[in-house]
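Peer 1: Have a look at this one before I ask anything.
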Amino acid sequence: MPDTQRPQATLGAILRVFTTLGMASFGGGLPGWMHREIVQKRDWMSEESFLAGIALGQVLPGPNSVNLALYIGQQLRGWPGAALAFLGILGPPFLFILGLALLYVWGGNLAGLGVVLGGVAVAGLANSLTVGLRTAWRMRGLWPWAIAGATFIAVGLLRLPMIPVVLVLGPASVGLAWWSARHA
Amino acid sequence: MPDRLLALFLVFAPLSLVSLGGGPSIFAEMQRQAVEVHHWMTPQEFTELFAISRAAPGPGSLISALVGWQAAGFAGALAAALGLYGPSSLMMLAVGHWWRRRGDSPARKVIERGLAPLAVGLIFAGVLTLLRADGAGWLEVATLLASAAALLRGASPYLVMLVVALLYAGLQQAGAIGSGG
């Protein structure tokens, strides 16, 4: 347990939080929601540990949000924590989406719903943007900004494949962190 | 039927390990397998499933469950989801296990501090990519910025989502935005 002085996350609480998170998220804003619930509201995990989870979850195969949920559950409470976070984040949406498919088969019209939920998805995306802005705000020194900027330009603007970018910038960034810690 | 469940699992398990960042990277191959290789559905049906998955909460990759459901009912949905989430999750857990055992070591601290700016860059890149994927126009960009501004001022995300939902529903009723699809 890396953070002994933080509030303990019980297994029940992990299941509850991730069940809510799974149903609350539309269209890709999940890491933002998780940051709010896990770091800001409950202080279960440090900012750095959370961001490391984001980076690991993106680099490893699999959906980012599921990977991040697994990571958080596991760091908090080991295997049972990871299992409950996984069930919480995927279980309810899994049942919901099948229910929606049934409705569709029975003749429901989902076109109008799509427009509204598309808007909601953009609002969810704002959650991610906010996390990015808040974290960027707290970065001190030149090198974190250089690394963050280079990553954004390479992956976001130039659309280079993420893995090679991370393989180059990751070690460089860790090296810079090590160097700046020694010269602090 | 067991054959089909196994086939579903075997289609999605390899996709699991090449799905970087989740759904969008594997949609094309998913469609090829479901439509052209296995004939579980027509291209139109796949497009409909895609629209349904966009309208549901949770990760977009849950379209795998819909493909499985279309091919083999509820058991098919489970088999497909198990295939898509199983292998990548085990890999994430293996790395996470190793990570957790490092505890509070200085090495882990340095790695975390090095990964943080990378994560920040990836967050912004992800926002941009998703906006592009949705073919966002000025309305979406305005929604994004206004929502972010509200959130930064401490507004509840649930409230923000409710307001946006009502706004879009109103705009659609007024015929200002299309019925999507």
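The values are calculated or read from the model by the stated rules, or taken from the named source; none is laboratory data. Keep in mind that this is a model prediction, so the values were computed, not measured. Reconstructed Cβ throughout: ideal geometry from the backbone, glycine too, with neighbour counts over all protein chains shown. Calculation scope for accessible area: heavy atoms of the full protein, side chains included, ligands and nucleic acids excluded. Shrake-Rupley method; radii C 1.70, N 1.55, O 1.52, S 1.80 Å.
Peer 1: Just the projected area, averaged over all directions, of the convex hull on the alpha carbon atoms of chain A: how many nm²? Could the numbers behind the result be given before it?
Peer 2: Values: hull surface 49.7 nm².
Mean orientational projected area (chain A, Cα hull): 12.4 nm².
Peer 1: Express the C-alpha Rg of region B:106-174 as a ratio against the empirical globular expectation 2.2 N^0.38 Å, rounded to two decimals.
Peer 2: Against the empirical 2.2 N^0.38 Å value, I get 1.51 for region B:106-174.
Peer 1: Quote the charge dipole size of region B:106-174 about the Cα centre in Debye, to the nearest 20; the model charges only the Cβ of Lys and Arg (+1) and of Asp and Glu (-1).
Peer 2: In debye, rounded to 20, region B:106-174 gives about 360.
Peer 1: Something else about it: As a test of the formula, what do you get for the protein assembly as shown when each DSSP H run with n ≥ 4 contributes -39,500 (n - 2.57) and the sum is divided by the residue count, at 222 nm and rounded to the nearest 500 deg cm²/dmol?
Peer 2: Only helices count here, giving -25000 deg cm²/dmol.
Peer 1: Quick one: how many Å² of residue A:131 are accessible to a 1.4 Å probe, rounded to 10?
Peer 2: For residue A:131, solvent-accessible area is about 10 Å².
Peer 1: Counting only C-alpha contacts under 8 Å and six or more residues apart, can you give the relative contact order of chain A as a whole percent?
Peer 2: 26 percent
Peer 1: Quick one: net charge of residue A:40's neighbours, Cβ under 11 Å, K/R +1, D/E -1?
Peer 2: That works out to +1.
Peer 1: Can you find, among B:60, B:44, B:121, the residue sitting farthest towards the positive end of the charge dipole of the protein assembly as shown, where Lys and Arg contribute +1 and Asp and Glu -1 at Cβ?
Peer 2: B:121
Peer 1: Sticking with this structure for a sec: Return the long-range amide H neighbours of residue A:62 (sequence gap of 5 or more, or a different chain), with a cut-off of under 5 Å between placed amide H atoms.
Peer 2: Residues meeting the amide H criterion: B:19, B:20, B:21, B:22.
Peer 1: Right, here's the next one. For the protein assembly as shown, would you read off the P(r) tail past 33 Å as a percentage of all alpha carbon pairs?
Peer 2: 27 percent
Peer 1: In the protein assembly as shown, with Lys and Arg counted as +1 and Asp and Glu as -1 at Cβ, which of these residues, B:70, A:122, A:151, has the Cα nearest the positive end of the dipole, that is, farthest along it?
Peer 2: Value: A:151.
Peer 1: Kindly compute the accessible surface that chains A and B hide from a 1.4 Å probe when together, both sides summed, and give it to the nearest 100 Å².
Peer 2: For A against B, buried area totals roughly 7900 Å².
Peer 1: I would also like to ask the following. Could you pull out every residue, at least 5 positions away or on a different chain, whose amide H is within less than 5 Å of the one on residue A:25? Hs are placed 1.01 Å off N in the peptide plane, and Pro or chain starts have none.
Peer 2: Answer set, sorted by chain and number: B:58.
Peer 1: If I take every Cα pair under 8 Å that is 6 or more residues apart in region B:1-102, average their sequence separation and divide by the length, what percent do I get for the relative contact order?
Peer 2: 38 percent
Peer 1: Something else now. For chain B, what is the relative contact order in percent, using Cα pairs closer than 8 Å and at least 6 residues apart in sequence?
Peer 2: 20 percent
Peer 1: Average partner chain C-beta neighbours within 10 Å, per residue of A:36-49?
Peer 2: The mean count of partner-chain Cβ atoms within 10 Å per residue comes to 2.
Peer 1: Looking only at other chains, what is the average number of their beta-carbon atoms within 10 angstrom of each beta-carbon in B:37-43?
Peer 2: Mean shielding by partner chains, rounded to a whole number: 0.
Peer 1: How many percent of the accessible area of the protein assembly as shown is carbon or sulfur, using a 1.4 Å probe?
Peer 2: With neighbouring chains kept in place, the figure for the protein assembly as shown is 68 percent.
Peer 1: A follow-up question, please. Using a 10 Å cut-off on Cβ to Cβ distances, tally the other chain neighbours for every residue of B:155-161 and report the average as a whole number.
Peer 2: 5
Peer 1: Same structure, new question: Heavy-atom accessible area per residue, chain B, 1.4 Å probe: how many Å²?
Peer 2: Per-residue value: 46 Å².
Peer 1: Can you compute the charge dipole magnitude of chain B about its Cα centre, using +1 on each Lys and Arg Cβ and -1 on each Asp and Glu Cβ, nothing else charged? Give it in debye, rounded to the nearest 20.
Peer 2: Here chain B has a charge dipole of around 800 debye.
Peer 1: DSSP H helices in chain B with Cα extent of 20 Å or more along the helix axis and mean Kyte-Doolittle hydropathy at least 0.0?
Peer 2: Helices meeting the criterion: B:2-18, B:63-101, B:106-133, B:138-152, B:157-173.
Peer 1: Moving on. Specify the angular offset, from 0 to 90 degrees and rounded to the nearest 10, of the alpha carbon long axis of helix A:11-24 from the longest principal axis of the alpha carbons in chain A.
Peer 2: Result, in degrees: 70.
Peer 1: Show me, bin by bin at 5 Å from 0, the whole-percent P(r) of chain B based on Cα pairs.
Peer 2: 1, 7, 11, 14, 15, 13, 13, 13, 8, 4, 1, 0
Peer 1: Relative to the Cα centre, what is the charge dipole magnitude of the protein assembly as shown, using +1 at the beta carbon of each Lys and Arg, -1 at the beta carbon of each Asp and Glu, and rounding to the nearest 20 debye?
Peer 2: 1100 debye
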